[in-house]
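Worksheet: the structure to be examined is printed underneath.
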């Protein structure tokens with residue numbers, strides 16, 4: 001990798017540190033080597049873009065080099081979580097739906113990893129709908145392979161996602177048994193390496209049906225997706241006995257992603273008797289992150305999530 005590319009590679013993390021002095025990752029992990037990244041068209045004319053808008057939301061787009069940023073607690077309890085920020089598959093809101101959440105997990109002893117995943121882009125990738133899934137599965141694999149290094153129990157590794165990142169997390173949770181069908185995983189020794197032990201889905205995009213978030217699905221699949229693609233990426237239709245226990249969190253006044261998305265996933269899990277809980281709040285809208293600035297019961301979702309993790313045995 002050239003000096004320019006090395007500087008470009010680390011720039012997002014420099015800006016994230018400037019954005020919040022309390023939000024420094026201790027380790028940045030490349031998901032793929034430069035010559036092994038699946039579906040790569042090797043177009044390096046596209047430059048990664050980082051913006052902080054008037055709403056103070058950090059947005060990253062045009063991602064060329066996907067990574068994991070590790071946030072290590074002072075007193076790790078053996079549990080780990082990989083966080084997928086949202087952004088409609090057009091950007092990634094890596095501050096309030098990534099770094100801030102990782103820091104909160106650290107406060108309860110959970111080792112956290114923020115995923116910077118490739119976004120669907122015909123200029124950069126073949127089969128653009130696959131690349132985020134490839135990155136997320138690779139992220140779980142690398143975390144499990146590094147369990148000893150990070151003092152993690154390999155049976156207590158979860159995935160969390162917000163909005164479209166919630167769709168990515170749900171897709172990993174439902175499709176991980178088929179990981180060997182994807183480029184980059186043909187020689188994987190066991191699909192279990194990519195298995196999340198639990199999932200936490202925050203106001204997730206789930207269905208490609210009547211309650212779909214049209215922008216996310218158009219970015220992911222294009223304007224004229226096949227029926228097969230719509231079915232494959234409608235997460236509630238892909239749930240099986242191998243889908244992990246799940247906590248769903250949503251506000252009923254969400255005007256971006258209808259609450260029916262979480263309800264449909266919840267119902268599909270219950271039909272297969274997979275342990276699941278759902279926290280529904282009367283207020284919060286969409287994209288509330290840790291909900292620190294909101295009034296009402298949604299403000300307490302992190303505490304309820306903590307109790308769920310304890311009750312399910314993921315925090316011991």
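What follows is calculated from the coordinates using simple rules that are stated; it is not laboratory data. Note that this is a predicted model, so its numbers are computed, not measured. Don't worry about glycine lacking a Cβ; one is built from the backbone with ideal geometry, like all the others, and counts go over all protein chains shown.
Things to note:
- Potential lengthening of the chain between residue 231 and residue 47 amounts to 63.0 nm, from the contour at 0.36 nm per residue minus the alpha-carbon distance.
- Long-range Cα-Cα pairs in the chain (distance over 29 Å), rounded percent: 29
- The distance between label points at residue 272 and residue 214 comes to 3.1 nm (points 7 Å beyond Cα on the Cα→Cβ vector).
- Given their separation in residues at 0.36 nm each and the Cα-Cα distance between them, residue 280 and residue 127 gain 51.6 nm when the chain is fully extended.
- For peptides 128-136, 30-38, sequence by mean Cβ density within 10 Å, most packed first: 128-136, 30-38
- Net length gained if the chain between residue 310 and residue 180 were fully extended (0.36 nm per residue, minus Cα distance): 43.6 nm
- Backbone N under 12 Å from the residue 293 label point (7 Å along Cα→Cβ), restricted to the stretch 112-130: none
- Modelled this way, with points 7 Å down the Cα-to-C-beta line, the labels at residue 155 and residue 253 are 4.4 nm from one another.
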